[in-house]
Amino acid sequence: MNLLGRLTLLFVVVPLLELVLLVRLGQLVGLWPTLGLVVATGALGAAMARAEGLRAVVRFQTRSRFREPKKSSRSREEQARTISSSSVLRGDAAP
């Protein structure tokens, strides 16, 4: 599958599938339990991203403080991505 096909799958098909599943779930259990599930999973995801972001910040600060040799640039890139995505989820990102 080429890149365009993967992006289409990721940004079009998956959200449509989620929407269909949410509608079906709403029909089965009702509106309020479905909304509760959506809010709960959103809050759980945000909390997990925040915790991982804070963990990355602590690791970054610890390594910087003790001037440990750089193990790999990929690790710092991962930490930066985690921190930025966590701040976006929490709403801390600048507009």
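The values are calculated or read from the model by the stated rules, or taken from the named source; none is laboratory data. Not measured: the values here are computed from a predicted model. Note: ideal-geometry Cβ built from the backbone for every residue, glycine included; neighbour counts use all protein chains shown.
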Subset of segment 26-51 [out of contact with any Lys or Arg (no Cβ under 9 Å at 6 or more places or on another chain), closer than 26 Å to A80 by Cβ and either surrounded by 11 or more Cβ atoms within 10 Å (Cβ to Cβ) or in contact (Cβ under 8 Å) with a residue 12 or more places away in the chain (or both)]: G42, G45, A47, M48, A51
Pair list, Cβ under 8 Å, 6 or more apart: segment 5-25 residue under 19 Å from L37 (Cβ atoms), other residue in a helix (DSSP H, G or I) and of a type in the set (A, V, I, L, M, F, W, C): L22/V38; L25/L37
Spans of helices (runs of 4 or more DSSP H) in the chain with at least 1 residues β-branched (V, I, T) and modelled with pLDDT under 75: 73-90
